[in-house]
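Data block below; observations after.
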Amino acid sequence: MRLSAVLLVPLLLGAAPALELRRIPAEEARQGVASDGRHVYAIDNSRIGKYRIADGQRVAQWTGDPKKIPHLNSCTVVRRELVCASSNYPAVPQTSSVEFFDSRTLRHLRSHKFGATEGSLTAFDRHDRSWWAVFAQYDGKGGAPGKDHRATRIVRLDDHFREIREWSLPPELLDRLKPYSVSGASWHRGGTLALTGHDRTEVYLVTLPAHAPTLRLAGIVPVTTPGQAIDWDPRRSTALWSISRPDRALVLSDLSGRAGKDGDLTRK
């Protein structure tokens, strides 16, 4: 049973938060989290900590030069690399890059510089043989002159980081994000995109209409963590990693509501 690409779960406003499965203390848990199934990676502006899920022990750490990499926003694991979205937030003009690390050692490998961008790159993921990027805009601090959170874009790119297509966010989601924007984005293997904002304790499940330019909001799942970058756990299909900034913790939650026989999300 696959995660439905049409409707994952009903709107769950007012429902109990998703079930917490695990918390791992991590001093770098300020911007987001990524997972390869055996480890979790805590993301800070210019730091990354690698933690073993089994016992919560840190097994590697990277510390960068804030002048060169001032603001890592999120990461995801692609094969043997940790791929991270980076920007110069809150500076303007906005510039963004993708930073690649060896997921085993956290050694920095290379960068792809977008240069000046229409929005700050807050999330970057791999899905359906393409790269997917979130270029966020904000009301006020960190936003480009003349733009606000409504100008946030979800962009599909080819292997050479060239734009293929872009989508805007639906009004009902924009209302929940303002005055900030999308902080986290992670594709579920069933074909639905999970998004998070800056501070609300919610995960937004969206789908891509075949021909419309605006994403469709399919579900809102309450969680216990307040926004920031996320990543699905590759070994447990209904489990999502997020962070609790106040507690400096990496949090694993079950978003299924009810699990099917193979652990994929199903309706209640």
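Is it fair to say Pro145 is under 22 Å from Tyr89 (Cβ atoms), of a type outside the set (D, E, K, R) and at pLDDT below 95?
yes
I'd like to check something: does region 133-142 contain any residue that is surrounded by 16 or more Cβ atoms within 10 Å (Cβ to Cβ), among the hydroxyl-bearing types (Ser, Thr, Tyr) and part of a loop (DSSP other than H, G, I, E, B)?
yes
Kindly list, by first and then second residue, each pair from a residue in region 82-106 that is closer than 15 Å to Gln61 by Cα and hydrophobic (A, V, I, L, M, F, W, C) to a residue that is modelled with pLDDT of 95 or more and not in a strand (DSSP E or B), limited to pairs with Cβ atoms under 6 Å and residues at least 6 apart or on different chains.
Leu82/Ser103
State which residue is farthest from Glu166 (Cα to Cα) when the search covers only region 84-102 and only residues that are surrounded by 22 or more Cβ atoms within 10 Å (Cβ to Cβ) and touching an Asp or Glu at 6+ places or on another chain (Cβ under 9 Å).
The selected residue is Phe101.
Search region 102-128 for residues being within 18 Å of the chain's Cα centre (by Cα) and in a loop (DSSP other than H, G, I, E, B), and hand back the single one that is nearest to Val77 (Cα to Cα).
The residue in question is Ser103.
Please list, ordered by residue number, the strands (runs of 3 or more DSSP E) wholly in region 146-204 having 3 or more residues that are without any contact (Cβ under 8 Å) to a residue 40 or more places away in the chain and surrounded by fewer than 22 Cβ atoms within 10 Å (Cβ to Cβ).
153-157, 163-167
Which residues, taken from region 22-52, are assigned to a loop (DSSP other than H, G, I, E, B), over 18 Å from Phe101 (Cα atoms) and either of a type in the set (D, E, K, R) or free of Cβ contacts under 8 Å to residues at least 40 places away in the same chain (or both)?
Glu27, Arg30
The values are calculated or read from the model by the stated rules, or taken from the named source; none is laboratory data. Values in this document were obtained by computation on a predicted structure and should not be read as measured data. Using ideal geometry, Cβ is built from the backbone for each residue, glycine included, and neighbour counts are taken over all protein chains shown.
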